[in-house]
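The values are calculated or read from the model by the stated rules, or taken from the named source; none is laboratory data. This structure is a prediction, so every number in the text was calculated from the model and none was measured. Heads up, the Cβs are rebuilt from the backbone with ideal geometry, glycines too, and the neighbour counts pull from every protein chain shown. Side chains are part of the model used for accessible areas, which takes the heavy atoms of the whole protein and leaves out ligands, DNA and RNA. Shrake-Rupley method; radii C 1.70, N 1.55, O 1.52, S 1.80 Å.
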Amino acid sequence: VVEDDPILKNLLGHTLANAYQTVYAGTGDEAIALFEKFKPVLVLLDLTLPGSRDGFSVLEELRKRDDEGKTVPVIVVSNLSDQTAKDRALALGVTEYLVKAEVDVDEIVAKVKGHLPA
């Protein structure tokens, strides 16, 4: 879970932790470091992150890799609702693009479950 909003990060984390091993990053740099360490089977990614590496940069870096990062399912959960952001994320290979204001936690969890093996 790559999310800088502590409330949403905790809400998603607590909900997902009941069924999945979950790790959390609040910045793009933390996300890349955790990917190196854990090789997640799915990434929930916010696009607006503090620091020098936003969610687009994280996604670009993952997709350039020669390991699991190239194909890992990435579900964007962002406040960016404009078509330009969606198009850019889709061009970078996101699996799903969800706008925070348009979904609730149960919908996000359902999307996660839909992209993970049973």
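Things worth noting here:
- Dividing the summed helix terms, -39500 (n - 2.57) for each DSSP H run of n ≥ 4, by the number of residues in the chain produces a 222 nm estimate of -13000 deg cm²/dmol to the nearest 500.
- Length-normalised contact order of the range 34-84 in % [C-alpha pairs under 8 Å, at least 6 apart]: 46
- Contact order relative to length of the chain, as percent, for alpha carbon pairs under 8 angstrom and 6 or more apart: 23
- DSSP-assigned coil residues among trypsin sites (Lys or Arg not before Pro) in the range 61-118, each with at most 16 further Cβ atoms within 10 Å: ARG65
- Per-residue surface analysis assigns SER52 an accessible area of about 110 Å², computed on protein heavy atoms at 1.4 Å probe radius.
- Geometric descriptor of the chain, per residue, is 95 Å³ (volume of the convex hull of the Cα atoms).
- Evaluating 6.51 cos²θ - 1.76 cosθ + 1.60 at θ = phi - 60° for every residue in the range 79-90, the Karplus couplings come out as 7, 6, 10, 6, 5, 4, 5, 4, 4, 4, 5, 5 Hz, glycine and proline recorded as x.
- Mean separation of Cα contacts under 8 Å (6+ apart) over length of the range 9-67, as relative contact order %: 29
- Taking a sphere under 11 Å around the Cβ of GLY51 and counting the other residues whose Cβ falls inside, with K and R at +1 and D and E at -1, yields a net charge of -3.
- Calculated from backbone phi, Karplus (6.51, -1.76, 1.60) coupling profile of the range 97-111 in Hz, x at Gly/Pro: 10, 10, 9, 3, 5, 10, 9, 10, 4, 4, 5, 5, 4, 4, 5
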